[in-house]
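Student: This is the structure I have questions about; it appears just below.
The values are calculated or read from the model by the stated rules, or taken from the named source; none is laboratory data. Here the structure is a predicted model, which means the values were calculated and not measured. No Cβ is skipped: glycine too gets one built from the backbone with ideal geometry, and neighbour counts run over all protein chains shown. What goes into the accessible areas is simple: the full protein's heavy atoms, side chains included, and nothing from ligands, DNA or RNA. Shrake-Rupley method; radii C 1.70, N 1.55, O 1.52, S 1.80 Å.
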Amino acid sequence: MATWYETAVRFDKMMENGTVKKVTEKFLVDALSFTEAEQRTIEKRTPFISGEFETRAVRRTSISEIFRPEHDRFYLAKLAFILLDEKSGMEKHTITQILVGGDNFDDALDALKEGMKGTMSDWELLSLAESPILEVYGAELNVNE
């Protein structure tokens, strides 16, 4: 299972009107540690940033899965898996978060439903909101040949 870290990078960005503005952009990185998440973010972003930049934050997320990471826009879905406690007969809700790529809200909702098809337990969508994540950097396998 992947461990996802959210990183925030602050840098000077040239705006469409020609002005330069300090911005902070967020990325999601599959990494083994905070240090690796920061390093991979720097490696991935360096070609796209001219001038100085700094990593402002690295934090572990509770995102358990990602559907359609190739999209330019992401939505964070909060789900409750509904389980039945055999001893007490009561329903138990386990909360999880899934990041879903989509062109718009409806597209992300459709992708979430498609990704959840075949799930063995019942689930309920608690929320679906646009995320500030701009890009997802999954695990990269280094194969020595």
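Student: If you roll a 1.4 angstrom probe over the protein chains with everything in place, what fraction of the accessible area of the stretch 30-96 belongs to carbon and sulfur, to the nearest %?
Tutor: Values: 2400 of 4710 Å².
Ligands and nucleic acids excluded, carbon and sulfur give 51 percent.
Student: Could you state the number of Å between the C-alpha centres of the stretch 17-72 and the stretch 78-128?
Tutor: Centre-to-centre (Cα) distance: 27 Å.
Student: How would 93, 71 rank on accessible area, largest to smallest, probe 1.4 Å?
Tutor: Numbers: 93 90, 71 40 Å².
So, going from the largest accessible area down, we get 93, 71.
Student: Order 16-24, 94-102 from most to least packed using the mean count of other Cβ atoms within 10 Å.
Tutor: Values: 16-24: 8.9, 94-102: 18.3.
Result, highest mean Cβ count within 10 Å first: 94-102, 16-24.
Student: Under a GNM of the chain (C-alpha, springs under 10 Å), which listed residue has the highest mean-square fluctuation: 27, 48, 74?
Tutor: Highest fluctuation of the listed residues: 48.
Student: Calculated from the structure, percent of Cα pairs over 28 Å apart equals which of (i) 8; (ii) 31; (iii) 19?
Tutor: (ii)
Student: Once you've got the Cα coordinates, tell me which of 13/78; 21/44; 92/117 are over 26 Å apart.
Tutor: 13/78
Student: Follow-up. For the stretch 1-103, what does the accessible surface come to per residue with a 1.4 Å probe? Please give it in Å². Before the final figure, lay out each step's value.
Tutor: Values: 6580 Å² over 103 residues.
Result: 64 Å² of accessible area for each residue.
Student: In whole percent, what relative contact order does the chain give with Cα contacts below 8 Å and a gap of six or more residues? Write down the numbers at each step before the final one.
Tutor: Details: 283 pairs, mean separation 38.7, N = 145.
27 percent.
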